[in-house]
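Notes follow the structure.
Values in this text are rule-based calculations from the coordinates and carry no lab data. Remember, predicted model here, so these are calculated numbers, not experimental data. All Cβ positions, even for glycine, are placed from backbone atoms using ideal geometry, and neighbour counts span all protein chains on display.
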Amino acid sequence: MLTRTIALLLAPLVAATVLPAPVTAQSGPLRITISEGVIEPLPFAVPMFQAETGGAEQIAADITRVVAQDLTGTGLFREIPASSFISTPASFASPVAYPDWRAINAQALITGAVAVNGNQLTVKFRLFDVFTGAELGEGLQFAGTTGGWRRMGHKVADAVYSRITGESGYFDSRVVFVAESGPKDNRARRLGIMDYDGENRQFLTDSNSLVLAPRFSPNGDRVLYTSYESGFPRISLLDVASVGRRQITTVEGEMAFSPRFSKDGSAVIYSVSTGGNTDIYRTDLGSGSHSRLTSAPSIETSPSLSPDGSRIVFESDRSGTQQLYVMSASGGEPQRISFGEGRYGSPVWSPRGDLIAFTKQNAGRFHIGVMRTDGSEERLLTSSFLDESPTWAPNGRVLMFTRETQGASGGPQIYSVDISGRNLKQVPTGGFASDPSWGPLQQ
Amino acid sequence: MNKYLTVSILVGALALSACTRPDRFGAGAGAGADGMGVGAGAGAGFDQAGIGQSGLGAGNPNSPEYFQQTIGDRVLFAVDQSTLSAEAMATLDGQAQWLQANSDYLAVIEGHADEQGTREYNVALGARRANAAREYLISRGVPANRLRTISYGKERPIATCSDPSCYAQNRRAVTVIAAGALS
Amino acid sequence: MSTGGYISGIGHAGLLLWLVMGWGFDAEPLDFEVAPVSVVSGEEYAALVAATSPQPQTEQPPAPEAPVVEETPPAPETPQEPPAEPAPPPPAPAAPAEETPPPPAPEPLPEPPAEAVEEIAPPPAPPAAAPPPVPELPNISERPVPRPAPRVAPEAVAPPPPDAQVADAVREAATPDAESAEVAEIEEEATAPEEATTEIVTEAEEPASAPETPPAPQVAALAPPSAPRPPSRPARRDPAPAPAPETPAETQSASSQEAEPTPAPVDTSDAVADALAAALASTPAPAAPAANPGPPMTGAEQDAFRVAVQQCWNVDVGSEAARVTLTVAFDLDPQGRVQGDVRRISGEGGSDGAIEAAFQAARRAILRCQRDGYVLPADKYEQWKEVEMTFDPSGMRMR
């Protein structure tokens, strides 16, 4: 599809090349270099999607809202209110009145239509580049059930996002997290799951035992987490579809925690504490075979695999304070990558592979930051009393993390921030929530 | 028989913990997930073994209450540290004596951290603190097989303010006496 | 003339304009891709959870009502995600087909965009002053620390005067130019440049103990002297940035923009118009094309052109496209308007998708900021009728 899009876009180019404007011999083209631009949300217009069947008006309006909210929620787009529209398309097939949209400075125009038959729902849309006067990509249609109307909106927004930014989207994704309630010294915790925007929240476990730091499997079908259900911290594996769960048999040790899936989801990387020493291990979920990846007498925990599965970044206090290290996925001598002031923890490798997000603690403040995988170009994105546990959006563009407020009445909430440091905002969770793990884009 | 006793003791320990913090293990301790090695249905019965129902008061030097209140069931640590202070050692000396005098009891040492740290690191740090206390008790003659450790990281603070006075109370290792003889 | 006649006149004029400008842009029939999506409702999911959650049982009792999938080939969805690897639930009524849901065959576009002309006659009269798009702001209310302005531009811009509307770039107040449909059609309000800072300020870089209320005056001090900066786009000289502020402007732009009354008073537009006139006076308006190449363009003239485009070049600094250096070419007519399409000459530094996104952004910048034509010295038309423009974001992207 991309190829076709490019071909379409290049068609005029070819024409222009074949019929070159008369060139004056003595002067070549004027050459200008633009090295500074602006950083601002791109204005778009999304007239309410057409209801193509009777009674589809409400769902059409709702889906249109989801599309608009997804896009504006990135901070990269700005919705032009319908009250500014000079005209609106009479039908999905109507020609686009580009001048009307240029006049209100809409740079992108999204049109769509919705049809409902029983519980079957179809949503189709088109995206137009207003100033070029051309459609961007092709019309796309999604079919499903009415119960999934939000996902349909997310899918439309993902497609729009992808066509404009050249990167995949992240709207049709879910987040598993720890829902918290009760007083600070007796807090109940349970696993929750929600859409990336905080909608459709559900619980996956009861709150009878402590749970920590869940992690989605690479394809989003399972969740690993630390559970105190047995009385001691152990690693549990939960099947999202059936909500069934089982405990993973780890190596001998009093405490096992900090579990993560391997790249293909077939193994678990985790920490075990024995005799006060914490190291990182790997257990194959199929065969149950274990291997030990670190063996220092210090704390080694919070592992995260690179997206190609070849390396692991983790935290260790072998130097005397918590710092970040990278080693081969099979163990071996690690290289320290964090050298700034303060302590570094909970590293997470980005799905793009180019960055590592982390928690930094320095001078009484906590920060979420990113650095390149060799530790260079460290950049702090947030600052608060207590920020921790970053997780990446499936496209590596946004981070979610836990922000806890101080004091007896304080508690954790989930926030998100663009990796440029912009667009910091709270994700609605209906109460205290922590330790988000952002799942993949759904199929 | 021995095996059964061990399991009973363990479950008793859990039940006891559940008494001090009712929500802590809850249904999970008894019903459990598979692979936990805990006898199903055992949990409820052992609630009776808890210290609350034993009728022993803090005045009895052989009672867990005495251990908790008079000897002192906890030691505190400096920021990001797990080394024992002189004061902590003195407390642990008392604990060791009591445990040796009351050899029917087991102990679970809980390690905790203050909120000024990342979650998983604090679990590891709490484990280190609990182990420091355990090692010291062993060095004072308490059999290793009577001592288990667990870390709650920063998840179970007892002081909820966000200033150094509360943090100091939360950086702790607590020796929880578990019933063995009473059952 | 009666009001009705007036409206009718405008309506017809609008229709005519639409016919002239809008005709020929209609979409050609394109293929549709169809991607099935199915879902389980919250209630169904809750039931599913309830069936297993309260009593932590050893095995998952696969709730019989689990798969709620209808005959529609169920793409994985809410709880009915891809089939569990470890223990696939017992044969459910409809086995979730994960990878290849038999999609309804790609349908061609339903209705061809036939003669739908009349259906979309322009509305009677465009609102005299369309409410401007309100910039999207981080929707955090409880934030104790002021946020940077939502817009980051090469130069800091003071918050707009309360009565000016926010626009993407300075827009000349109602230029009497009959040729330009967009501008002529709408009575433009005077607009002020949207408040901007000169760099991204992350939360971590802001002073930790920032005052509760954004100190607006601070920004004015950092911005160029003239508070409501005159729109100097056409005749920009070297845009020597005002002394780079050490502490970037941090004004919460929300407050200033939310407070704005809608109608734009005459004063501002006069001021803008005056400034514009002054600015225009310094540069000869485009005239008839010169026959010979003429003298070379001065650095100032090139800078003015560069500044005109960079105002519309929107860089998404967190994107892969922000690593792409791209060169495009285009032709200008004697009025400074782009003729034909903007062509991609070269692009490097990213994936095809990133280069394509960078190209689109560059093309948008060029097309959008031309407005009625770039202001260039008419006697040097031969020098600028062809342009090769390189967009290099290396100085803008994240460190």
*asked:* Bins of 5 Å, beginning at zero and ending with the bin holding the largest distance: percent of Cα pairs per bin for the range C:299-395, please.
replied: 3, 14, 25, 25, 16, 11, 5, 1, 0
*Is the range A:294-350 rounded, prolate or oblate when judged by the Cα gyration tensor, a ≥ b ≥ c being the square roots of its eigenvalues, rounded requiring a/c under 1.5 and prolate requiring a/b larger than b/c?*
oblate
_Residue-averaged [θ]222 nm for chain A, counting only DSSP H segments that reach four residues, each worth -39500 (n - 2.57)_ = -4000 deg cm²/dmol
_For the range C:299-395, size of Cβ-based charge dipole, Lys and Arg +1, Asp and Glu -1, in debye_ = 240
*For an R0 of 51 angstrom, estimate the FRET efficiency from the Cβ-Cβ distance between A:K263 and B:Q100 and round to the nearest 0.05.*
0.50
*How big is the Rg/Rh ratio for the range B:56-178, C-alpha atoms only, Rh by Kirkwood, two decimals?*
0.97
*Not counting the cut sites, what is the longest span of chain A without GluC sites (Glu not before Pro) that DSSP labels loop and that have at most 15 other Cβ atoms within 10 Å?*
A:1-198
*On a 0 to 90° scale, report how tilted helix A:57-73 is relative to the longest principal axis of chain A, with both axes built from alpha carbons and the result rounded to the nearest 10.*
70
*Can you give me the three principal axis dimensions of the range A:173-441 from its C-alpha atoms, in Å, biggest first?*
44, 41, 36
_Treating only the Cβ of Lys, Arg, Asp and Glu as charged (+1, +1, -1, -1), what charge dipole size does the range B:56-178 show about its Cα centre? Round to the nearest 20 debye._
240
*Give, in nm to one decimal, the length gained when the segment between A:S376 and A:T53 is fully stretched (0.36 nm per residue of separation minus the Cα-Cα distance).*
110.7 nm
*Would you work out which of C:T325, C:A304, C:G347 lies farthest towards the positive end of the dipole of the range C:299-395? Charges go on Cβ: Lys and Arg +1, Asp and Glu -1.*
C:A304
_Pairwise centroid distance, computed over Cα atoms, of the range A:149-224 with the range A:59-73, Å_ = 19
*Run the quick spin-label model on B:R140 and A:V251: label points 7 Å from Cα toward the beta carbon, then report their separation in nm to one decimal.*
3.2
*asked:* Please give the Cα centre distance for the range B:106-183 versus the range C:309-370, rounded to the nearest Å.
replied: 61
_Close Lys-Lys pairs in chain A, where close means Cα under 26 Å and separation is 8 or more or interchain_ = 7
*Only Lys, Arg, Asp and Glu count, each charged at its Cβ (+1, +1, -1, -1), so figure out the dipole size of the range A:330-443 about its Cα centre, rounded to 20 debye.*
240
*Could you state the angle between the C-alpha long axis of helix A:2-18 and the longest principal axis of the C-alpha atoms of chain A, as a value from 0 to 90 degrees rounded to the nearest 10?*
40
